[in-house]
Amino acid sequence: MTCKQIKDYLDGLLLAEPTPLETQAVEDHIRHCVPCRAEYEAAQKTLALLQPSTKPTSTDSLKERIMNNITSAESHPAQQRPRIRFLKPAMAAAAAFAVLALLVYPFVQPSSSYAFAQTIDATRSVQSIHLRMTPVTFGSVGEIWAQFNQNAQLVRLRMNFPDTEDGPKDVVWENEKAQIWFKKKNCISTVREPDILRKLKANYDFFDPAQIVENLYKKAQGSAEVDIKEPAKPGEPIIITVTAPTEPGCKDVYTVDSKTKLLLHRDAYRPADGQQQVEFSTEYLDYNQVEPSVFTLEAPPDTMRIDMTEGVGIEQGALSDEEIATKVAREFFEALIVKDYAKASPLYSGMPAAKLQEAFGGTNFVRVISMGPPEPHEKTGSLRVPCKIERKIDGKTETFEPNGPFVRQVEGRPGYWTIIGGI
């Protein structure tokens, strides 16, 4: 189903019970579409509230107001009366649903003229977003650019990491592949990454505005206290402050553009040194202004490019992790001994043969003296294979005991193992 079909489905709820097939199609769609899921949940609450357990009654004052309105309407000249048009059943249902939703709305939203659904609805027009996070700690993301399709699903993503173990790096994701630009190493590595949202769950909750507002809505329905401060002057933003009894001393402050209803800023305050201090901030810089070129890595021409999406590593098969790690390490050094760099390439994360020759061609590897047993290497999440290699340098034979090699499964290719991070 598309977002438009979801709207039609919700309109039709007032006319007839949906079929099991329709219900399944809707559940499949809202599982991945946050705005439609929020609208669906609101519709369910509305329908539940439209089924009262007692017979509705009216007060004398309400009756008087209704009769006054009718009398006033009849006293208007005919030419000033609005023309009444008969609606098709589906359109009538949609109109009725809209009116009923407005009547019930105060009961399912915080008491304020601003409502979270306004921001959720505003995000339907968001095709791209650019945001910045501060402060940038070691290994954390600094800036994010994201592009969404008409169903609010992520289709392109770029993240900048200013400080990691590998130095500064940028990651661009599209079509289930991620390109990682290791700027310090002057290298771009391409890996399979079909499930990036699960791995980036924490960050995704920060940069997806619909997800943020949905989380806000859930907090408002729970034990959290949500205070909404309307702008005192035109053009000033809406300020939303969230506190929770379960997190004393903590609060989240959201700034919403009063005109567009889109998020502008988010500050998370946490207790430190007896005071509330900003732990992190997210600034939403641009909506729908991200150029497609942002998702192309403009690396220098001499940047080494490695494609790990296919043809890299050795298949594990029935071998244990220790056995396959040892096999990869042994075959790599045997390839270096005979200077077969094309064979060594897939065993060394797909590094081009020319680069391998450049790195190891000056050393004459003679034979493998010993190898193993492999041991876990916590820092890299790999198996380190201790080994002794006989080599000749300047005519002298010596025993070489490398720090590695470090062997693990190829990123995005389960069951295939290769050397990562040098030897």
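The values are calculated or read from the model by the stated rules, or taken from the named source; none is laboratory data. A quick note: this is a predicted structure, and the numbers were derived from the prediction, not measured. FYI the Cβ positions are ideal-geometry reconstructions off the backbone, even for glycines, and counts take in every protein chain you see.
Table for the structure above
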| read-out | value |
| --- | --- |
| Residues that are at negative phi and of a type outside the set (Asp, Glu), drawn from region 406-421 | PHE406, VAL407, ARG408, GLN409, VAL410, ARG413, PRO414, TYR416, TRP417, THR418, ILE419, ILE420 |
| So THR399, is it out of contact with any Leu (no Cβ under 9 Å at 6 or more places or on another chain), over 30 Å from ASP302 (Cβ atoms) and not charged (D, E, K, R) | yes |
| Region 178-192 - residue that is under 10 Å from THR309 (Cα atoms) and β-branched (Val, Ile, Thr) and, of those, surrounded by the most Cβ atoms within 10 Å (Cβ to Cβ) | VAL191 |
| Condition broken by GLY372, with the remaining ones in (1) at negative phi; (2) in contact with a helix residue (DSSP H, G or I) (Cβ under 7 Å, 6 or more places away or on another chain); (3) not polar (S, T, N, Q) satisfied | (1) |
| Region 278-307: number of residues that are at pLDDT below 90 and of a type in the set (A, V, I, L, M, F, W, C) | 2 |
| Within region 219-258, tally of residues that are of a type outside the set (S, T, N, Q) and modelled with pLDDT under 85 | 9 |
| Scope region 398-412; condition within 29 Å of the chain's Cα centre (by Cα) and modelled with pLDDT under 90; matching residues | GLU411, GLY412 |
| Criterion: without any contact (Cβ under 8 Å) to a residue 24 or more places away in the chain and not acidic (Asp, Glu) - qualifying residue of LEU347, LEU383, LEU356 | LEU356 |
| Any hit, region 141-156, residues being in contact with a strand residue (DSSP E or B) (Cβ under 8 Å, 6 or more places away or on another chain), touching a residue at least 24 places away in the same chain (Cβ under 8 Å) and under 22 Å from LYS379 (Cβ atoms) | yes |
| Strands (runs of 3 or more DSSP E) fully within region 208-306 counting 1 or more residues that are among the β-branched types (Val, Ile, Thr) | 225-229, 238-243, 251-256, 275-287 |
| Count of residues meeting criterion [among the acidic types (Asp, Glu) and either buried (at least 17 other Cβ atoms within 10 Å of the Cβ) or in contact with a Lys or Arg (Cβ under 8 Å, 6 or more places away or on another chain) (or both)] in region 279-288 | 2 |
| Subset of region 307-332 (residues that are assigned to a strand (DSSP E or B) and over 17 Å from PRO414 (Cβ atoms)) | ASP307 |
| Check on LEU264, of a type in the set (A, V, I, L, M, F, W, C), modelled with pLDDT of 95 or more and either assigned by TED's automatic domain parsing to the domain that holds ILE239 or within 30 Å of VAL410 (Cβ to Cβ) (or both) | no |
| Criterion (in contact with a Gly (Cβ under 8 Å, 6 or more places away or on another chain) and either of a type in the set (D, E, K, R) or exposed (fewer than 14 other Cβ atoms within 10 Å of the Cβ) (or both)) met by exactly one of GLU322, GLU291, GLU298 | GLU322 |
| Scope region 301-319; condition out of contact with any Gly (no Cβ under 9 Å at 6 or more places or on another chain) and β-branched (Val, Ile, Thr); matching residues | THR303, ILE314 |
| Of all residues making up region 369-423, the number that are within 25 Å of ILE196 (Cβ to Cβ) and of a type in the set (S, T, N, Q) | 4 |
